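Colleague: Shown below is the structure under consideration.
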Amino acid sequence: MKATKNIKTFSLTALFAALILVATAYLKIPIALGYVHLGDVFIVTACFMLPLPMAAGVAAVGSMLADLIAGYVIYMPVSFFAKGVMAVLASLVYYKKFTWLKAVVGSMAGSAAMILAYFFFEGFMYGFPVAAANLPAQFLQPLIAVPAGSAICFALSKIGYVTALKEEISINYRRQDREKRSQPDRETVSKPVGNNENVSENDDRES
């Protein structure tokens, strides 16, 4: 049963990473610096379905690998950071308690942080006048991703199987997180026992 739950989690995580990669690398329009794409639609959706660390991970890794495939290697580090931050902000707003309005606000906040990260990156790389001239084109992406992603999330929230799957993945993640955190405590507790045994052995030898 535990293995089945892990498979579901890994499968959904891999699915979103692949969707973000494909939609970013292949469903794109080149602009003066970089390109705009549909990958953010699936980042917004991933933030609804996956716990925050997983959503941030698929957003960062999927976007970074998309830059590699699309030939924008220089953008890989900033994409990893910018998309990860975008996912973190969006998840904080609407992952636990979803409403359509929260999805819009969260994805807008994440998109704003993402645009800001790219602006500073391009400013340092090409000069801030050039980055400022490219800024209006950067807003095309959230103009598509925010309403489309929020609409998809709202539709998914009305499907019983999807919400049950989301809850199952969330519970499984929290359980695994608790187990990881409890392991150091168990090791700490077990160490004094061994030390006491050594002390008792030394006492026996001295006597």
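Colleague: Does residue 33 meet the test of being buried (at least 18 other Cβ atoms within 10 Å of the Cβ), at pLDDT below 95, out of contact with any strand residue (DSSP E or B) (no Cβ under 8 Å at 6 or more places or on another chain) and of a type outside the set (Ser, Thr, Tyr)?
Modeller: Yes; evaluated as a whole, the condition is true for this residue.
Colleague: Which one is nearest to residue 44 (Cα to Cα) among residues in region 121-174 that are surrounded by fewer than 14 Cβ atoms within 10 Å (Cβ to Cβ) and among the aromatic types (Phe, Trp, Tyr)?
Modeller: The selected residue is 139.
Colleague: From 182, 170, 111, 107, which residue is small (Gly, Ala, Ser), touching a Lys or Arg at 6+ places or on another chain (Cβ under 9 Å) and assigned to a helix (DSSP H, G or I)?
Modeller: None of the others qualify; the one that does is 170.
Colleague: Only one residue in 83, 28 is at pLDDT below 95, under 26 Å from residue 128 (Cβ atoms) and among the basic types (Lys, Arg). Which one?
Modeller: 28
Colleague: Would you check which residues across region 66-100 are without any contact (Cβ under 8 Å) to a residue 24 or more places away in the chain and in contact with a Leu (Cβ under 8 Å, 6 or more places away or on another chain) and list them?
Modeller: Result: 76, single match.
Colleague: Moving on. Identify all residues within region 50-91 that are out of contact with any helix residue (DSSP H, G or I) (no Cβ under 7 Å at 6 or more places or on another chain) and under 20 Å from residue 164 (Cα atoms); write none if there are none.
Modeller: Matches in region 50-91: 53 only.
Colleague: Is at least one residue of region 127-137 assigned to a helix (DSSP H, G or I) and touching a strand residue (DSSP E or B) at 6+ places or on another chain (Cβ under 8 Å)?
Modeller: Looking through region 127-137, at least one residue is assigned to a helix (DSSP H, G or I) and touching a strand residue (DSSP E or B) at 6+ places or on another chain (Cβ under 8 Å).
Colleague: Among the residues of region 128-171, write down those that are in contact (Cβ under 8 Å) with a residue 60 or more places away in the chain, among the small types (Gly, Ala, Ser) and under 24 Å from residue 101 (Cα atoms).
Modeller: Those that are in contact (Cβ under 8 Å) with a residue 60 or more places away in the chain, among the small types (Gly, Ala, Ser) and under 24 Å from residue 101 (Cα atoms): 145, 148, 149, 150, 157, 170.
Colleague: Moving on to the next point. With a cut-off of at least 1 residues that are of a type in the set (Ser, Thr, Tyr), farther than 24 Å from residue 104 by Cα and under 15 Å from the mean Cα position of the chain (by Cα), name the helices (runs of 4 or more DSSP H) lying wholly within region 1-84.
Modeller: Per the criteria, 2-26.
The values are calculated or read from the model by the stated rules, or taken from the named source; none is laboratory data. On a predicted model such as this, the values are computed, not experimentally measured, just so you know. Every residue, glycine among them, receives a Cβ derived from its backbone with ideal geometry; neighbour counts consider all protein chains shown.
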